[in-house]
Amino acid sequence: MSFIVKKGKTKIIEVPWTTGQTTSKDALVCWSVGYGIPCTSSTTAGATIGTAVRAVTSATDIYTTQGNLQVRVPCDNNVEWEATVTASLVVADLGLHCDLTDQDTINRAAGTLDIVQISKFISTTKCWCKLNVGTGAHAGSL
């Protein structure tokens, strides 16, 4: 499902995309040596930019030729996103800081890089969260 804005203001920026990389629509993307790439489980909060406005596949023009990808970024730390979580999320996890499993999924069991903070329980596999991303990102709190 990726990350869907539910509450708050965002804006669209253009990021030079790394040739040969794919991403799904609304998945988290990050910086790598001046270019955008898909986030992974080891992506740091400071490198994370926001969500891809469109998918990039092997059939997309910027997959084979350098181009820009539009990325939706939060305007402040209070923007809330609906996201998929690895199983076992519980109501008591509200406020929990978590890492990613991949660019589309929050890893409830990991909290070293603190990419997101759980802000609303939906189900054991779905929540609302706040992103701890960009140059203002910091570990442990939003």
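Does V56 satisfy being in contact with a Gly (Cβ under 7 Å, 6 or more places away or on another chain) and not basic (K, R)?
Here the answer is no, as V56 does not meet what is asked.
Among (1) under 20 Å from K126 (Cβ atoms); (2) in contact with a Phe, Trp or Tyr (Cβ under 7 Å, 6 or more places away or on another chain); (3) buried (at least 17 other Cβ atoms within 10 Å of the Cβ), there is one condition I62 misses while meeting the rest; what is its number?
Result: I62 passes all but (1).
For segment 59-83, enumerate the residues that are among the acidic types (D, E) and either at pLDDT 95 or above or out of contact with any Gly (no Cβ under 9 Å at 6 or more places or on another chain) (or both).
E80, E82
Out of all the residues in segment 1-34, which are without any contact (Cβ under 8 Å) to a residue 24 or more places away in the chain and either buried (at least 16 other Cβ atoms within 10 Å of the Cβ) or of a type in the set (V, I, T) (or both)?
T18, C30, W31, V33
Of V73, V53, which residue is in contact (Cβ under 8 Å) with a residue 60 or more places away in the chain and either in the same structural domain as R108 (by TED's automatic domain parsing) or closer than 22 Å to T22 by Cβ (or both)?
Result: V73 is the single residue among V73, V53 that is in contact (Cβ under 8 Å) with a residue 60 or more places away in the chain and either in the same structural domain as R108 (by TED's automatic domain parsing) or closer than 22 Å to T22 by Cβ (or both).
Rundown of residues vs (1) among the β-branched types (V, I, T); (2) surrounded by fewer than 19 Cβ atoms within 10 Å (Cβ to Cβ), yes/no style:
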{"site": "L94", "(1), (2)": "no, yes"}
{"site": "H97", "(1), (2)": "no, no"}
{"site": "Q103", "(1), (2)": "no, no"}
{"site": "N107", "(1), (2)": "no, yes"}
{"site": "I115", "(1), (2)": "yes, no"}
{"site": "K120", "(1), (2)": "no, yes"}
{"site": "S123", "(1), (2)": "no, yes"}
{"site": "G134", "(1), (2)": "no, yes"}
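If A59 passes every condition in (1) under 11 Å from the mean Cα position of the chain (by Cα); (2) without any contact (Cβ under 8 Å) to a residue 24 or more places away in the chain but one, which one does it miss?
(1)
Identify, please: which residue in segment 76-92 is without any contact (Cβ under 8 Å) to a residue 60 or more places away in the chain and exposed (fewer than 12 other Cβ atoms within 10 Å of the Cβ) and is, among those, nearest to the chain's Cα centre (by Cα)?
Going through the qualifying residues, I end up with A87.
Restricting attention to segment 60-67, does a residue exist that is within 14 Å of K130 (Cα to Cα) and among the polar types (S, T, N, Q)?
Checked segment 60-67: no residue is within 14 Å of K130 (Cα to Cα) and among the polar types (S, T, N, Q).
The values are calculated or read from the model by the stated rules, or taken from the named source; none is laboratory data. Treat the numbers as computed from the prediction; the structure is a model and nothing was measured. For neighbour counting, all protein chains shown are included, and Cβ atoms are generated from backbone atoms with ideal geometry for every residue, glycine included.
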